[in-house]
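Each value in this text was obtained by applying a stated rule to the coordinates, not by laboratory testing. The structure displayed is predicted, hence computed values, not measured ones. All Cβ positions, even for glycine, are placed from backbone atoms using ideal geometry, and neighbour counts span all protein chains on display.
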Amino acid sequence: MDSLARRLVLTAKALRAHFEDNLTAAGASLPFWLVLQQLREEDGLSQRELARRLSVEAPTLTRHVDRMAADGLLVRKQDADDRRVTRIYLTRQGKAMHDRLVTVARRLEADVRSLLSDRDAVVLERVLSRLNTYLETADADVG
């Protein structure tokens, strides 16, 4: 019998792969979606702040930002007050890509929710929140 933690990990992995496949079919990737989503919530973040919010290393983010800038999805601009800071902004094309990907994300959300009763969805959200809180605390204790 599989442990609960193992099943949760495998389910999360399968759900991520399913989402990535759908993003790929829409012409994007999970990293692109995450960057677009974060910038749509708060455009003009510094590259350092964006990396922190996405929990990725700066060189990893730089590769994605380079590619997205080359694709015309975003632009880099020096901060007006501190030239050492680079800020990232969505272009019109980046906003349009985000809007297309929102449809993909909403479809996944609807698919997942269709498998659950309203009560199950509330319980699942509460359990996932509790697990995340535990893991954040456990990670802080290790580090």
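Of Ala14, Ala51, Ile88, which is farthest on the positive side of the dipole of the stretch 4-114, counting Cα position, with +1 on Lys and Arg Cβ, -1 on Asp and Glu Cβ, and the Cα centre as origin? Projecting each Cα onto the dipole axis, the largest value belongs to Ala14. Full extension of the chain between Val127 and Ala25 gives 33.6 nm of extra length, using 0.36 nm per residue less the Cα-Cα distance.
Relative contact order of the chain: 21 percent, from C-alpha pairs under 8 Å at least 6 residues apart in sequence.
Ranking of Val127, Val112 by neighbouring Cβ atoms within 10 Å, starting from the fewest: Val127, Val112.
In terms of its C-alpha gyration tensor, the stretch 52-143 comes out oblate, because a/c is 1.5 or above while a/b does not outweigh b/c. The angle between the Cα long axis of helix 4-25 and the main principal axis of the chain comes to about 40°, on a 0 to 90 degree scale.
What is the fewest-to-most order of Glu49, Glu42 by other Cβ atoms lying within 10 Å of their Cβ?
So the ranking, lowest neighbour count to highest, is Glu42, Glu49.
In terms of other Cβ atoms within 10 Å, His98, His18 run from fewest to most in the order His18, His98.
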